[in-house]
1. Could you tell me whether any residue of the stretch 50-61 is assigned to a helix (DSSP H, G or I), of a type in the set (A, V, I, L, M), more than 22 Å from residue 201 (Cα to Cα) and free of Cβ contacts under 8 Å to residues at least 12 places away in the same chain?
2. Looking at the stretch 164-194 only, could you name the residues that are within 22 Å of residue 239 (Cβ to Cβ) and not hydroxyl-bearing (Ser, Thr, Tyr)?
3. Take the stretch 26-42 and flag every residue that is at pLDDT 75 or above, surrounded by 11 or more Cβ atoms within 10 Å (Cβ to Cβ) and under 20 Å from residue 116 (Cβ atoms).
4. Could you tell me whether any residue of the stretch 89-106 is buried (at least 24 other Cβ atoms within 10 Å of the Cβ) and modelled with pLDDT under 90?
5. Considering 241, 200, which residue is modelled with pLDDT of 90 or more and among the β-branched types (Val, Ile, Thr)?
6. Condition (residue is under 28 Å from residue 58 (Cβ atoms) and polar (S, T, N, Q)) applied to the stretch 139-155: is it met by at least one residue?
7. Taking into account only those residues within the stretch 117-128 that are free of Cβ contacts under 8 Å to residues at least 40 places away in the same chain and aliphatic (A, V, I, L, M), which is surrounded by the most Cβ atoms within 10 Å (Cβ to Cβ)?
8. Scan the stretch 170-183 and give yes if some residue there is more than 17 Å from the chain's Cα centre (by Cα) and surrounded by fewer than 24 Cβ atoms within 10 Å (Cβ to Cβ), otherwise no.
Amino acid sequence: MSAPAPRTVPSAGDAIGIMAGLTLKRVFRGKLVWFVFLTAGLPTVTALAMRSSSAHDPVKVATSTLSVVQLLFAILAPMLTGSAVGDELGSKTTSYLWSRPVPRWTILVGKLVVLAPLTGLLLMVAWIASLAIGGGLMSGQAIAAVGFGAMIVSVVVAAIATIGPKHGIAFSLLYVLVIDLGLALMPGSLSQLSLVHQTTVLAGLPQGSAEPPLGSALGAALWLVGLAAIWLVVALRQLRTREA
């Protein structure tokens, strides 16, 4: 009688790839994708309204539509990333995954590998379209800042969803729409903690008659990376707690 074949342990890369593939299929097979695409078109509505204005200003079109795109940070990232991570934990499907020899962090990373770039790309395309329609100032740095900022927001949303998976969308909406946007409006150093504020600085668009301070874009990028790293540590610790 032959001995049973030993169980093969998937590598971390294989586990991330499998989770990423499943996540991608779920996104495009569900009805949520239509809501996401329709919502992403909101900046173009603002651009059309500004284009018909007699006092057309390319810089004002860019900054106004950027504000709408940043508002979508609070909608699209929770709808895509928050729902995916929250549903995975809330439905206990990770309990089965964790019974296999799969590194715990690969589940979260596998989802972010797909959802963070997808959110960033979607908002970049939406903003480019609104700038083209509204005749706004088009800057490569600003467009890249939108994509990067959206990906960072997705990481933060994923972390929040690990804390409250049953209400992942609601909690992440509350954080980005109320807390983060509120911090962005605060004077002084408190605004540095806002993802929206740092994305605006990273975009480097003129703010009224004043140009952004020299070197602020690098500082904003470092702030965004640092905030994402802190939230990612929180998420991984939360996943280990749930496993125990």
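1. The answer is no, given that none of the residues of the stretch 50-61 is assigned to a helix (DSSP H, G or I), of a type in the set (A, V, I, L, M), more than 22 Å from residue 201 (Cα to Cα) and free of Cβ contacts under 8 Å to residues at least 12 places away in the same chain.
2. Within the stretch 164-194, 164, 165, 166, 167, 168, 169, 170, 171, 173, 174, 176 qualify.
3. 26, 27, 32, 33, 35, 36, 37, 39, 40, listed by residue number.
4. Checked against the condition, which is being buried (at least 24 other Cβ atoms within 10 Å of the Cβ) and modelled with pLDDT under 90, the stretch 89-106 yields no hits at all.
5. 200
6. yes
7. Within the stretch 117-128, the match that is surrounded by the most Cβ atoms within 10 Å (Cβ to Cβ) is 124.
8. Within the stretch 170-183 (the criterion being more than 17 Å from the chain's Cα centre (by Cα) and surrounded by fewer than 24 Cβ atoms within 10 Å (Cβ to Cβ)), the answer is yes, since at least one residue qualifies.
The values are calculated or read from the model by the stated rules, or taken from the named source; none is laboratory data. The structure displayed is predicted, hence computed values, not measured ones. Positions of Cβ are backbone-derived with ideal geometry, glycine not excepted, and every protein chain shown enters the neighbour counts.
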